[in-house]
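Peer 1: Following this message is one structure expressed as structure tokens.
The values are calculated or read from the model by the stated rules, or taken from the named source; none is laboratory data. Remember, it's a predicted structure, so these values are computed and weren't measured experimentally. Cβ atoms come from the backbone with ideal geometry, glycine included; neighbour counts cover every protein chain shown.
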Amino acid sequence: MLKIGLIFPNKDRRYKTIHLGLAYLAAYAREQHDDLYFEVLDTRVATTKETKRFFNTTFDLIGITVFSPVYFEVKSIYNRIRKNTNMIPVVLGGPYVTTIMGTIFDETPAEFAVYGEGEVTFSQLISYFKGTQQLENINGLMYKNSAGSIIINPAREKITDLNTLPRPAYDIFPMNRYPLHRLVTSRGCPFSCAWCNSSSIWGKGYRLMDAKKMISEVEFLISSYGKKIFVFGDNSFNAELKRVDEFCDLLIQKNIKILWSVSLRADIMTQEIAYKMKKSGCYNVSIGIESANNFILSKIGKGTTIEKISEGIKMLKEAGIEIMSQYVIGSPFETLQTVKESISYAKTSGCDYSNFYTVLPFKGTTQWDYVLQHGTIYTKNIHDFHSINPRIVFETPEFTYSERLEAIKLVEKEGFYSNIDTKNWWFDFAKDVSQKIQSLIPKSTGDRIYMFLKSIYRMKIIKKNNI
């Protein structure tokens, strides 16, 4: 029996939510091996006692998922493991590994790192520890050879059919501590926005779980872990409208009464789909507007216009769906004037809430290339971006540091600025109480109370704290 520890470092982050990437890794590995024991440490929800016990456990392998905002915590965790023992091999994975590749070993010199899609690579690494696989034959793996050189094996081919993936290993997580159910039903994105590194992480193309598989996951979570809000973490949930239509139809036909929320593209919405989404329980969507200036939208590869986005907003509002709109400050060719245009639009768009974020350039994106060619970047260590306050990590001749600072102040004045993503007691309290209410009282009453509490929280807490 191989004992494997998995760590989700996010102790200071806002959301308490399962890490689906680790859940899929464990599920796929279990499917390939019948002698594995998994234990997860989610630093956001683990108690001090549980954390201490985890680090005092002798594992055969420890895997740590890495994304840039928590890299300093990753370093601390890695050093704690090494302080306890040098015997346990450590493998790193996650989006930040794929973004910076071999550089990940500079500050966290683990034995292994998985880049790209991880399920098959991680399972084959387990086979290596069982003596049935050679390291040089494991695509998607980085490691150090006996001379200390970093070896980067060829990239792994993507899993083409997401319906073949096993159900995530929810059982290894403390599911009762999460106030919502989270699902990701696609990988990649058919669009190529300048600031988004989805394609560098997931590769080109867009892969979808079908509607029947989605329903199966929803039904399993309800029956196994209770009724909660469902949040779909897909990059563009409605990129394939036929799938959305089928999903809504199945929810309605099966009388599955849930509240659910998604991120989607407003410009490819139809009125019929909007009505079906509402009828099937969708109460909230997040839409990426990015900019109200069509020239900027064309330069960032958004592939739409503000007029088309406005049409979609009207359809969603007509259906009675709450809209959170999102904008970025600092796209290629952005100026203080274009930010002012976005602020004006946000105030009249009809959306319920608007958030502006200062854009961060990630390696592998058009935004990164643009900054290096046309601007001045203050640090190329991406994990340092998140500790810079105000969050201005670069400037360009057409949009200087002082102008960017002025743009932030203008957005803050309107209550739209939202770069804080840290743990908040009020946020946790509101989510936990809402989930308890939903699980204890009848569906219709519970949903109404949830929405009422949510509106109070949005207006009184989030706006006050700029989160």
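Peer 1: Could you tell me whether Ser76 is at pLDDT below 95, over 21 Å from the mean Cα position of the chain (by Cα) and either at positive phi or hydroxyl-bearing (Ser, Thr, Tyr) (or both)?
Peer 2: Answer is no for this residue.
Peer 1: Still on this structure: Can you go through Ala46, Ala29, Ala110 and tell me which one is within 28 Å of Phe232 (Cα to Cα) and buried (at least 21 other Cβ atoms within 10 Å of the Cβ)?
Peer 2: When all the criteria are applied, what remains is Ala29.
Peer 1: Just name the residue that is modelled with the highest pLDDT out of those in segment 159-179 that are surrounded by 19 or more Cβ atoms within 10 Å (Cβ to Cβ) and more than 18 Å from Leu25 (Cα to Cα).
Peer 2: Going through the qualifying residues, I end up with Tyr178.
Peer 1: If Thr132 satisfies every condition in (1) farther than 19 Å from Ala169 by Cβ; (2) within 25 Å of the chain's Cα centre (by Cα); (3) surrounded by fewer than 22 Cβ atoms within 10 Å (Cβ to Cβ) but one, which is the exception?
Peer 2: Of (1) farther than 19 Å from Ala169 by Cβ; (2) within 25 Å of the chain's Cα centre (by Cα); (3) surrounded by fewer than 22 Cβ atoms within 10 Å (Cβ to Cβ), only one is false for Thr132: (2).
Peer 1: Another question, if that's okay. Kindly evaluate Lys278 against the criterion of being farther than 18 Å from Ile343 by Cα, crowded, with 22+ Cβ neighbours inside 10 Å and either in contact with a His (Cβ under 7 Å, 6 or more places away or on another chain) or touching a residue at least 12 places away in the same chain (Cβ under 8 Å) (or both).
Peer 2: So Lys278 fails the test.
Rundown of residues vs (1) part of a loop (DSSP other than H, G, I, E, B); (2) of a type in the set (Asp, Glu); (3) outside the structural domain of Leu183 (by TED's automatic domain parsing); (4) in contact (Cβ under 8 Å) with a residue 40 or more places away in the chain, yes/no style:
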position	(1), (2), (3), (4)
Phe220	no, no, no, yes
Ser224	no, no, no, yes
Asn235	yes, no, no, yes
Ala239	yes, no, no, yes
Lys242	no, no, no, no
Glu246	no, yes, no, no
Asp249	no, yes, no, no
Ile258	yes, no, no, yes
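Peer 1: For Ala211, state whether it is over 30 Å from Val45 (Cα atoms) and not assigned by TED's automatic domain parsing to the domain that holds Ala113. Working first, answer last.
Peer 2: On the way: over 30 Å from Val45 (Cα atoms): yes; not assigned by TED's automatic domain parsing to the domain that holds Ala113: yes.
When the stated conditions are applied, Ala211 passes them.
Peer 1: Could you give me the residue pairs with C-beta distances under 7 Å whose first residue belongs to segment 287-303 and is in contact (Cβ under 8 Å) with a residue 40 or more places away in the chain and over 16 Å from Asn197 (Cα atoms), whose second residue is part of a strand (DSSP E or B) and among the aromatic types (Phe, Trp, Tyr) wherever it lies, and which are 6+ apart or on separate chains?
Peer 2: As it stands, the answer is Ile289/Tyr327; Ser291/Tyr327, since those pairs meet every condition given.
Peer 1: Another question, if that's okay. Need the failing condition index for Ile138 against (1) within 27 Å of Asn10 (Cβ to Cβ); (2) buried (at least 19 other Cβ atoms within 10 Å of the Cβ), just the number.
Peer 2: Among (1) within 27 Å of Asn10 (Cβ to Cβ); (2) buried (at least 19 other Cβ atoms within 10 Å of the Cβ), Ile138 violates only (1).
Peer 1: Then there is this: Just the residues that are polar (S, T, N, Q) and modelled with pLDDT under 95, please, taken from segment 136-158.
Peer 2: Matches in segment 136-158: Asn145, Ser146, Ser149.
Peer 1: Let me ask you something else. Looking at segment 390-411, I want the residues that are closer than 12 Å to Leu336 by Cβ and exposed (fewer than 15 other Cβ atoms within 10 Å of the Cβ) and have a partner that is acidic (Asp, Glu) and modelled with pLDDT of 95 or more with Cβ atoms under 7 Å, at least 6 apart or on another chain. Which pairs are those?
Peer 2: From residues that are closer than 12 Å to Leu336 by Cβ and exposed (fewer than 15 other Cβ atoms within 10 Å of the Cβ), the pairs are Tyr401/Glu395.
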